[in-house]
Amino acid sequence: MIGQRESARHGEVVGALLAMLSARDAATCDHSIAAGEWARKLALAIGLGEDQADAIEVAAMLHDIGKIATPDCILLKPGALDDAEWVTMREHPGHGETILSRFPSLLEYAYIVGAHHEHFDGSGYPRGLGGNEIPLAARVVAVADGYHAMVSNRPYRTAMSSHEALVHLVAGGGTVWDPSIVKHMVALVAA
């Protein structure tokens with residue numbers, strides 16, 4: 001019985017955070033939910049179990065929660081961000097990690113959210129992690145996030161086709177994204 005109550009509370013907290021994100025920026029929330037769906041499918045495709053796939057889905061749904069702290073003039077800017085604005089935008093993984101760390105039931109997702117913009121070659125942020133230093137769950141979230149972001153309209157650009165997005169994913173395999181996970185994503189989208 002306690003497990004059911006904890007699970008219900010967990011779901012309520014996740015739902016509340018997504019509602020806050022939606023109130024802040026509905027497009028970011030919609031993207032986060034879609035990235036969660038892709039991340040779950042991708043987790044299963046790479047051979048992870050249902051429980052791990054469920055956890056990765058939740059982490060992906062919450063990956064941009066730190067954007068709640070990003071000023072509107074940057075988050076909703078219709079054009080390209082300048083260097084100073086990018087510095088601010090790159091703070092969102094850390095903000096997300098901090099927010100999730102405050103909820104004991106969401107603590108397992110905090111580091112994943114904080115690491116979702118780390119790059120496979122170590123050039124990402126905020127910690128400059130590379131390769132297997134990046135948690136597997138964060139590498140899965142990064143590929144799902146990247147793919148869905150590319151096929152979505154953004155204030156600063158129109159959506160790419162699925163084919164174009166896959167070309168970008170493959171090109172970034174080994175630098176931005178884990179190439180083995182990219183291969184699974186390409187196969188998943190093709191199916």
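The values are calculated or read from the model by the stated rules, or taken from the named source; none is laboratory data. Everything numeric here is computed off the predicted structure, so don't read it as measured data. Methodologically, a virtual Cβ is constructed for each residue, glycine included, from the backbone with ideal geometry; neighbour enumeration extends over all protein chains shown. Each accessible area value is taken on the protein alone, full model and side chains, heavy atoms only, with ligands, DNA and RNA left out. Shrake-Rupley method; radii C 1.70, N 1.55, O 1.52, S 1.80 Å.
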Restricting the search to the stretch 27-40, which residues are of a type in the set (A, V, I, L, M) and open to solvent by 50 Å² or more (accessible area, probe 1.4 Å)?
-> Ala27, Ile33
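Just give me the residues in the stretch 142-160 being out of contact with any Phe, Trp or Tyr (no Cβ under 9 Å at 6 or more places or on another chain) and under 22 Å from Gly130 (Cα atoms), in sequence order. Please lay out each step first, then the result.
The initial filter retains those residues of the stretch 142-160 that are out of contact with any Phe, Trp or Tyr (no Cβ under 9 Å at 6 or more places or on another chain), namely 149-160.
If the condition is that a residue be out of contact with any Phe, Trp or Tyr (no Cβ under 9 Å at 6 or more places or on another chain) and under 22 Å from Gly130 (Cα atoms), then Ala149 is the only one that fits.
Sort through Pro135, Pro155 and tell me the only one that's modelled with pLDDT of 95 or more and open to solvent by 30 Å² or more (accessible area, probe 1.4 Å). Even if it seems obvious, please write down each step before you answer.
Numbers: Pro155 fails: modelled with pLDDT of 95 or more.
Matching residue, one of Pro135, Pro155: Pro135.
Taking the condition surrounded by 14 or more Cβ atoms within 10 Å (Cβ to Cβ) and either free of Cβ contacts under 8 Å to residues at least 24 places away in the same chain or over 24 Å from Arg127 (Cβ atoms) (or both), does Ser22 pass? Working first, answer last.
Working: surrounded by 14 or more Cβ atoms within 10 Å (Cβ to Cβ): yes; either free of Cβ contacts under 8 Å to residues at least 24 places away in the same chain or over 24 Å from Arg127 (Cβ atoms) (or both): yes.
Taking the combined requirement at face value, the residue satisfies it.
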Determine if the stretch 167-181 includes at least one residue that is out of contact with any strand residue (DSSP E or B) (no Cβ under 9 Å at 6 or more places or on another chain), touching a residue at least 60 places away in the same chain (Cβ under 8 Å) and among the aromatic types (Phe, Trp, Tyr).
-> no
When you go through (1) out of contact with any helix residue (DSSP H, G or I) (no Cβ under 8 Å at 6 or more places or on another chain); (2) on the phi > 0 side of the Ramachandran plot one by one for Gly122, which number turns out not to apply?
-> (1)
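Kindly indicate which of Val113, Val167 is assigned to a helix (DSSP H, G or I), of a type in the set (Val, Ile, Thr) and over 22 Å from Leu62 (Cα atoms).
Values: Val113 fails: over 22 Å from Leu62 (Cα atoms).
That would be Val167, the only listed residue that is assigned to a helix (DSSP H, G or I), of a type in the set (Val, Ile, Thr) and over 22 Å from Leu62 (Cα atoms).
Kindly indicate which of His168, His148 is under 10 Å from the mean Cα position of the chain (by Cα), open to solvent by 20 Å² or more (accessible area, probe 1.4 Å) and within 25 Å of Ile74 (Cα to Cα).
Values: His168 fails: under 10 Å from the mean Cα position of the chain (by Cα).
Matching residue, one of His168, His148: His148.
Looking at Asp54, Asp83, can you tell me which residue is charged (D, E, K, R) and either in contact (Cβ under 8 Å) with a residue 60 or more places away in the chain or farther than 22 Å from His148 by Cβ (or both)? Walk me through it before giving the result.
Numbers: Asp54 fails: either in contact (Cβ under 8 Å) with a residue 60 or more places away in the chain or farther than 22 Å from His148 by Cβ (or both).
Result: Asp83 is the single residue among Asp54, Asp83 that is charged (D, E, K, R) and either in contact (Cβ under 8 Å) with a residue 60 or more places away in the chain or farther than 22 Å from His148 by Cβ (or both).
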Output for the stretch 90-125, where each listed residue is closer than 16 Å to Arg139 by Cβ, crowded, with 17+ Cβ neighbours inside 10 Å and in contact (Cβ under 8 Å) with a residue 40 or more places away in the chain = Tyr109, Ile112, Val113, His116, His119, Phe120, Gly124
